[in-house]
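Here's the structure, in structure tokens; my notes come after.
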Amino acid sequence: MSNTGRSTVPLLAARDLVKAHGRTEALRGASVELRAGEILAVTGASGSGKSTLLHCLAGIVRPDTGSVTYGGERLDQLPEQRLSELRRTEFGVVFQFGQLIPELTALDNVALPLLLAGARRQEAQAKAGEWLERFGVRGQEELRPGEMSGGQAQRAALARALVTGPKIVFADEPTGALDSLASEQVMTALTHTARESGTAVLLITHDAQVAAYADREVRLADGAVTPLEVAA
Ligand SMILES: Nc1ncnc2c1ncn2[C@@H]1O[C@H](COP(=O)(O)OP(=O)(O)O)[C@@H](O)[C@H]1O
Ligand SMILES: [Mg+2]
């Protein structure tokens, strides 16, 4: 796949997703496409179904009906084992906070996905160090998440999401717990690195300043993507 490219064929496509949590219909026919290398913002009010959409797209949750296609494969129909392999190798995820493992240092947190992929410890740690540096988390390698600022922890979480060279990073309100300066630093680091490596980003946010970093924006309302924005 080209590094520079936003091709017209979607890398990931969701069609008519429906997903209920008990009696709440979080998604009611949501459709969205993500192209290779594209940074797409998904915005919408709280409760509009953004996180549920991300979970379906990333293969964390299966939709009740509708399809998710990734590189020609029906993600929503894959066996759990293949899904977890995809999540480990081709997808990276970042949530609002707390996804780093509290007992591990920043360096070991970032090295972990490499170790899971079979890298040797020394090699994994060297690469993790490079990625922390790339995200401006310098001199913090030996700190545990609780000892870092929110912005530093989020940048370490981004380094962890990107260290394996995923095709797509799914970020659910990655700046939701940060002040505006830290938020800008996180978004700059994320978009710069994603563009450099040709990684597509699905970015959920309710902050217009954060959405402005994306190439394109779609809006969710009541579990569906509003048609006006789809056409844009
Ligand atoms: N695990 C769950 N159990 C019950 N209801 C849920 C669950 N997750 C989400 N919901 C409900 O589904 C709707 C959409 O939630 P969500 O996808 O988290 O929206 P958003 O991320 O836009 O705030 C909301 O009404 C929410 O309360
Ligand atoms: Mg949410």
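Mind checking the per residue accessible area of the chain for me, 1.4 Å probe, whole number of Å²?
Each residue of the chain exposes 48 Å² on average to a 1.4 Å probe.
Computed over the stretch 100-165, relative contact order equals 46 percent, with contacts defined as Cα pairs under 8 Å that lie 6+ residues apart. Computed with a 1.4 Å probe on the full set of protein chains, the accessible area for residue 192 sits at about 120 Å². Computed over the chain with a Gaussian network model linking Cα atoms closer than 10 Å, the most mobile of 116, 100, 83 is 116. Full extension of the segment from residue 192 to residue 87, taken as 0.36 nm per residue of separation minus the current Cα-Cα distance, would add 35.6 nm. Inter-label distance, residue 80 to residue 184: 4.6 nm, where each label sits 7 Å from its Cα along the C-beta direction. Share of carbon and sulfur in the accessible area of the chain stands at 50%, probe radius 1.4 Å. The charge dipole of the chain, taken about the Cα centre with unit charges on the Cβ atoms of Lys, Arg (+1) and Asp, Glu (-1), comes to about 440 debye, rounded to the nearest 20.
Taking GluC sites (Glu not before Pro) in DSSP loop states with no more than 12 other Cβ atoms inside 10 Å as exposed sites, the chain has its longest site-free stretch at 1-102.
According to the Kirkwood expression over distinct Cα-Cα pairs, how big is the hydrodynamic radius of the chain, in Å?
17.8
FRET efficiency for residue 15 and residue 221, Cβ-Cβ distance as r, R0 = 25 Å, nearest 0.05? Working from the Cβ atoms, E equals 0.90. In the elastic network of the chain, a GNM with C-alpha springs shorter than 10 Å, the most mobile of 126, 41, 153 is 126. Among complete DSSP H helices in the chain, those whose alpha-carbon atoms stretch at least 24 Å along the helix's long axis and whose mean Kyte-Doolittle hydropathy reaches -1.0 are 180-197. Springs between Cα atoms under 10 Å define the GNM used for the chain, and in it the highest mean-square fluctuation of 101, 39, 168 occurs at 101.
The Cα atoms of the stretch 100-165 cover 30, 23, 18 Å along the three principal axes, with the biggest extent listed first. Can you tell me what share of the DSSP beta bridges in the chain is antiparallel? A percent to the nearest 5 is fine. If I count the DSSP bridges inside the chain, around 50 percent turn out antiparallel.
A crude spin-label estimate for the pair residue 120 and residue 104, with each label 7 Å from Cα along the Cβ direction, gives 2.0 nm.
The values are calculated or read from the model by the stated rules, or taken from the named source; none is laboratory data. Computed from a prediction, not measured in an experiment: that's the story for all the values here. Positions of Cβ are generated from backbone atoms using ideal geometry, with glycine treated the same way; all protein chains shown enter the neighbour counts. We work out accessible area using only protein heavy atoms, side chains counted, and drop any ligands, DNA or RNA first. Shrake-Rupley method; radii C 1.70, N 1.55, O 1.52, S 1.80 Å.
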